[in-house]
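One structure is given here, and the rest of the page talks about it.
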Amino acid sequence: MTQAQTPSAPNPPTRGLEGIVAGDTSKSRVDGAQGKLFYCGYPIEPLAEEGTFEECVYLLWNNELPTAAQLEAFKGDLLSDAAVPDAIWDVLRPLAPHQTLMDLLRTGMSALSAFDPDVAATRESSEGRDVLERRIAMRVQARIGTIVTGAYRLKQGKAPIAPTKGQSLASQFLTMLTGEVPGAGEERIFDAALTLHADHGFNASTFAARVTAATEADIYGAVTSAIGTLTGRLHGGANMRVMFMLQEIGEVDKAAAFVDDILGRPKGRVMGFGHRVYKVEDPRATVLRRMAKVLTDETGHTKWFEMSRVIEDRVKETKGIFPNVDFYSASVYGSLELDPELFTPIFAVSRASGWLAHVMEQHADNRLIRPRANYVGAPERAYVGLSDR
Ligand code: CMC
């Protein structure tokens, strides 16, 4: 029997690739046992609470923090490159009433490649690709928030708001959403949330981006794959479902019974809990819980936070599992009065920085990612012609 005819792969498969190390990265390190996350060696807490999202993007793309001058230049380039061609809105406008915001983002990102002067050359040769890809990455990161906010407004029957340079990607995003410049506190919290979601090892969407990039496909192909992957409810799609759950529960005193009901069902899942890698609390949830508490105390809208605490205690007691990044990001975004439909696209705006870092890293030392499958179907059999079936 030749290798190609072997009925199954030589080793039994690991379901969901759990525990498999699929490659090297210098971008982030997830310590699942200790509940720690580092970007290029730096713990995420000070990056989120003292740094800015632009600093974090620079770090992920360069493996080093910027100096003040480097940051100023990098930020200036990102903020001034956010406009998208009107043709993007012409593509998205007729789709807007029928599709989710994540669908529109996926289509908008794919369409954006038509207007990128550098992309074609990156498909044919790896020579000089690093320079072109750096330019493309800047455009993608600069424009992804414009697509999200513009598509959101199209869904509401409103015209997209053109980006103004603004102070930060966070304030530019919130301004394009409503037309109003956010207050400093709101901008700060949103900025920190972006940093917390930026990268996370070989999470599903980043891995999808790397698999696509490893075929020597271009950045838009990789980012579009990643957006499709982030959408699912087991990944980035969980955060908006956390808010839907809080809305459905409605009152703090109903939260425990609601959780008991879900956990009493076969395969019942409480959104925003559990994680493939963390066996203790997700460190991003710790920071977001702190932020949610401050925000809800400030606004006086304490309901989401109180309800979340009850849910957290109940899930921990019953299943021994902890909240992940999506659980308290829902209370944070909810307290900022953002529509739940925006939650997963906001995750995409942030995680794009990680996707882009990983695509460039993959291309810098590329090899096709192509695992084997364990075949469990019918054994070899003779073909029967249509008339004899
Ligand atoms: N609710 C109830 N039980 C859960 C949950 C949950 N959210 N998550 C895991 N479990 C239980 C599961 O039932 C199983 O228990 P048992 O062995 O008794 O059947 C055990 O924990 C292990 O679960 P698993 O499905 O084997 O874990 P996994 O590593 O395959 O899945 C996960 C990880 C994140 C998909 C899963 O925890 C989940 O579905 N969570 C809810 C969705 C969610 O919050 N996703 C966001 C993930 S983190 C950020 C991101 O990527 O966006």
Inset, instruction - Order the peptides 230-243, 156-169 from the highest to the lowest mean number of other Cβ atoms within 10 Å of their residues. - result: 230-243, 156-169
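Over the stretch 238-335, with the other protein chains present, what is the accessible area per residue in square angstrom, probe 1.4 angstrom? Please list the in-between numbers first.
Numbers: 4510 Å² over 98 residues.
I get 46 Å² per residue for this part.
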Legend entry - Test item: Cα-centred dipole of the chain, Lys/Arg +1 and Asp/Glu -1 on Cβ, debye: 1220 debye
Inset, instruction - Please name whichever of Leu368, Ala170, Phe115 sits farthest to the positive end of the charge dipole of the chain, dipole taken about the Cα centre and charges placed at Cβ: Lys and Arg +1, Asp and Glu -1. - result: Leu368
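Sorted by accessible area (1.4 Å probe), largest first, how do Arg309, Arg139 line up?
Values: Arg309 90, Arg139 35 Å².
In descending accessible area the options line up as Arg309, Arg139.
Expressed in whole Å with the largest first, what are the equivalent ellipsoid semi-axes of the stretch 168-309 derived from the C-alpha gyration tensor as the square root of 5 times each eigenvalue?
On the way: eigenvalues 163, 114, 36 Å².
They are 29, 24, 13 Å, listed largest first.
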Legend entry - Reachable lysines from Lys319, criterion Cα separation under 29 angstrom, eight or more residues apart if same chain: Lys36, Lys254, Lys267, Lys279, Lys293, Lys303
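If you take the beta carbon distance between Thr100 and His301 as r and set R0 to 25 Å, what does 1/(1 + (r/R0)^6) give as a FRET efficiency, to the nearest 0.05? Don't skip to the end; give the middle numbers.
On the way: r = 26 Å, r/R0 = 1.04.
Efficiency at R0 = 25 Å is approximately 0.45.
Got the relative contact order for the stretch 95-250 handy, in percent, Cα pairs under 8 Å and 6 or more residues apart?
Values: 140 pairs, mean separation 36.0, N = 156.
Relative contact order comes out at 23 percent.
Remind me, what semi-axes does the stretch 142-223 give for its equivalent ellipsoid, largest first in whole Å, using sqrt of 5 times each Cα gyration tensor eigenvalue? Walk me through the numbers on the way to the answer.
Values: eigenvalues 155, 60, 21 Å².
In descending order the semi-axes read 28, 17, 10 Å.
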Legend entry - Under 11 Å, Cβ to Cβ, from Glu54 - net charge with Lys/Arg +1 and Asp/Glu -1: -3
Legend entry - Computed accessible area, Ile249, all protein chains, 1.4 angstrom probe, square angstrom: 10 Å²
Inset, instruction - With a 1.4 Å probe and every protein chain left in place, tell me how much accessible area Leu386 has, in Å² to the nearest 10. - result: 130 Å²
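Pairs of alpha-carbon atoms within less than 8 angstrom and 6+ residues apart define the contacts here; what relative contact order does the chain have, in percent?
Numbers: 554 pairs, mean separation 91.6, N = 389.
Relative contact order for the chain comes out at 24 percent.
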Legend entry - Where Lys267, Lys254, Lys293 fall by accessible area, highest first, once all protein chains stay in place (1.4 Å): Lys267, Lys254, Lys293
Legend entry - Debye log10 I(q)/I(0) for the stretch 10-137, one point scatterer per Cα, at q = 0.11, 0.12, 0.22 Å⁻¹: -0.66, -0.78, -1.19
Inset, instruction - Enter the mean projected area of the convex hull around the alpha-carbon atoms of the chain, in nm², rounded to one decimal. - result: 23.9 nm²
Legend entry - Label-point separation, Arg134 to Asp253 (7 Å along Cα→Cβ), nm: 6.2 nm
Inset, instruction - Compare the Cα positions of Val277, Pro323, Phe244 along the charge dipole of the stretch 238-335 (+1 at Cβ of Lys, Arg; -1 at Cβ of Asp, Glu; about the Cα centre) and return the one farthest towards the positive end. - result: Val277
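Run the accessible area of the chain with a 1.4 Å probe and give the carbon-and-sulfur part as a rounded percent. Mind showing how you got there, number by number?
Working: 9740 of 18560 Å².
Roughly 52 percent of what the probe reaches on the chain is carbon or sulfur.
In the chain, what percentage of the DSSP-assigned beta bridges are antiparallel, given to the nearest 5? The partial results should precede the final answer.
Numbers: 7 of 8 bridges.
Bridges in the chain are about 90 percent antiparallel.
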Legend entry - Under the Debye formula (equal points on every Cα, no solvent term), log10 I(q)/I(0) of the stretch 238-335 at q = 0.14, 0.18, 0.23 Å⁻¹: -0.45, -0.76, -1.25
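Using the alpha carbon gyration tensor of the stretch 271-389, what are the three equivalent-ellipsoid semi-axes (square root of 5 times each eigenvalue), largest first, in whole Å? Could the numbers behind the result be given before it?
On the way: eigenvalues 364, 98, 53 Å².
Rounded to whole Å, the semi-axes are 43, 22, 16.
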Inset, instruction - Could you size up the charge dipole of the stretch 238-335 around its Cα centre, putting +1 on the beta carbon of Lys and Arg and -1 on that of Asp and Glu, and report it in debye to the nearest 20? - result: 440 debye
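The values are calculated or read from the model by the stated rules, or taken from the named source; none is laboratory data. Keep in mind it's a predicted model, so treat the numbers as computed, not measured. When we count neighbours, we look across all protein chains shown, and the Cβ atoms used for this are built from the backbone with ideal geometry, even at glycine. Note: areas computed on protein heavy atoms with side chains; ligands, DNA, RNA excluded. Shrake-Rupley method; radii C 1.70, N 1.55, O 1.52, S 1.80 Å.
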